[in-house]
1. Look at Tyr98 and say whether it is of a type in the set (Phe, Trp, Tyr) and touching a strand residue (DSSP E or B) at 6+ places or on another chain (Cβ under 6 Å).
2. Given the conditions (1) closer than 17 Å to Tyr120 by Cβ; (2) surrounded by fewer than 21 Cβ atoms within 10 Å (Cβ to Cβ); (3) free of Cβ contacts under 8 Å to residues at least 60 places away in the same chain; (4) out of contact with any helix residue (DSSP H, G or I) (no Cβ under 6 Å at 6 or more places or on another chain), and given that Ala97 satisfies all but one, which numbered condition is not satisfied?
3. Taking only region 109-123 into account, find how many residues are touching a residue at least 12 places away in the same chain (Cβ under 8 Å) and more than 17 Å from Asp56 (Cβ to Cβ).
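Where a number appears in this text, it was derived from the coordinates with a stated rule and is not lab data. Worth saying up front: this structure is predicted, and the values here are computed from it rather than measured. Virtual Cβ from ideal backbone geometry, glycine too; neighbours counted across all protein chains shown.
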Amino acid sequence: MFRNPYDVWQWRTGIATAVTTGTQNLAGFEVRATDGSVGTVAEDGDQLGTTCLVVDNGSWMPSRRMMLPAGTVEDVDCAAGIIRLDRTGSQLRDSPAYDPESFGRPHYYDVVAHYFADTYQDA
């Protein structure tokens, strides 16, 4: 039984090809949860070699970055520089922090994937 509607590491159907192929640089794009802005993209998957975004939470949660799997992205407006997520700020606030030391390790990806999969189960 699937715990979430899709693989959290895959871009959703309908996301612009420039985003899913890595030709659109998303660094600097504003990231919005369903209830408001949660920061800006510090690094995108093309820079990292995987399908995720590292978001600098700025004043929303100072001194914190989070890694968001591509599957949490509901829409990308390339012209406006806005990424819309389908998660609330509260769900993101409790997500695992981005850890550059653990990045690339399978266990870290598992922790992040399980966290977000659980947010879909609870929705």
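1. The answer is yes for Tyr98.
2. Failing condition for Ala97: (1).
3. Residues that pass the stated criteria total 10.
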